[in-house]
1. How much of residue 233 can a 1.4 Å solvent probe reach, expressed as accessible area in Å² and rounded to 10?
2. Using a 1.4 Å probe and ignoring any ligands, DNA or RNA, find the accessible area of residue 62 and quote it in Å² to the nearest 10.
3. Return the distance in nm (one decimal) between the two label points of a simple spin-label model at residue 98 and residue 248, each offset 7 Å from Cα along Cα→Cβ.
4. Tally Lys/Arg at +1 and Asp/Glu at -1 over every other residue whose Cβ is under 15 Å from the Cβ of residue 138; what's the total?
Amino acid sequence: MIDLAAIDLAALLPFILIGFAAQLVDGALGMAFGVICNTLLVAVLGVPPATASARIHVVEIFTTGASGLSHMVHRNIDWPLFLRLLIPGVIGGVAGAYLLTSLDADVVKPFVLGYLVLIGLWLLIRGLLYPPKIAKPKVVAPLAIVGGFLDAAGGGGWGPVVTSNLLVQGGEPRKIVGTVNSVEFFLALAVSAAFVWQIGLDDILGPTLGLIVGGVVAAPVGAMMAKRFSPKVMLMLVGVVLTATSAFGLYRALV
C-alpha cells in the first residue's frame, strides 16, 4: 500500500511544477514531456536511464489519458489517422521495451537526434517563410513503428518523431498534435506493462507522483492551446521546441 502520510508536499511541489510545464508544452505542441522529465530524473537526480524511462511511462499513462480526453473534447483528433497510428505504434513500443536490455540505443540516438534537429529547423523555416498547406499524411505506419520503438528503447521519441514528420507531410497541426497525444496513451500502457511490475507502487510516491499531478492538471490547458494556435504559429513553435530539445540531447549524447 502507498503510505500517503509519507508524502512530503513541500518536496513534491517542484515536481508538480515541472510536470505542469512539461505537459503544457506537450499538450499544446505534441512533444517534450519525456525530454524534460527524463533530463530532470537522469541528469539532475541521477536516476538510472532504464528506471527513469519506466517511471516516465507510468506517469504518461495518466498525463496522456487526461490529454487525450481533453483533445477529444476540443475536437482535435483525426480518428482515421488515430487508427492508422495505434497498432503500429503499440507494436513498435512493445518491441522496444523487450529489446531495451539488449539494444545499445546510445549508438543510434545521435543520428536520430541530428535528424530531428534538421526537421525542427525545416518546420521553423516553413512557419516563417511559407504558408502551411494542409494535406493528408501518406507515410504513417512506419513512423508509428519507429516512434514507438525509440520511445521505449531510447527513453523518448514518440512525439518528436511522429508529430514532426506528420507536420512535414502537411497534416493540420492541431489535429496532428491531438491525435498523436491520444495514441500515446495506449503506447504508454503497452510499454509500462513491460516495466511496471519491476517498479512497485511505492515508486509512485515522490517525484513520480508530483509529475503525475502537475501533468494531469496541465493537460486540459495544453489541449485548449493547441486548438487556439494558428497553423503557422504551431509550426514555428514545434520547430523551436524540437530543435532546442534535440540539439540539447545531441550535445549530451556526444559529450
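1. Looks like 60 Å² after rounding.
2. Accessible area, nearest 10 Å²: 100 Å².
3. My value for the distance between the label points is 3.4 nm.
4. Details: positive: 84, 133, 136; negative: 78, 172.
For residues surrounding residue 138, the net value is +1.
The values are calculated or read from the model by the stated rules, or taken from the named source; none is laboratory data. These figures come from a predicted structure and were not determined experimentally. In this analysis, Cβ positions are derived from the backbone assuming ideal geometry, glycine residues included, and neighbour counts consider all displayed protein chains. We work out accessible area using only protein heavy atoms, side chains counted, and drop any ligands, DNA or RNA first. Shrake-Rupley method; radii C 1.70, N 1.55, O 1.52, S 1.80 Å.
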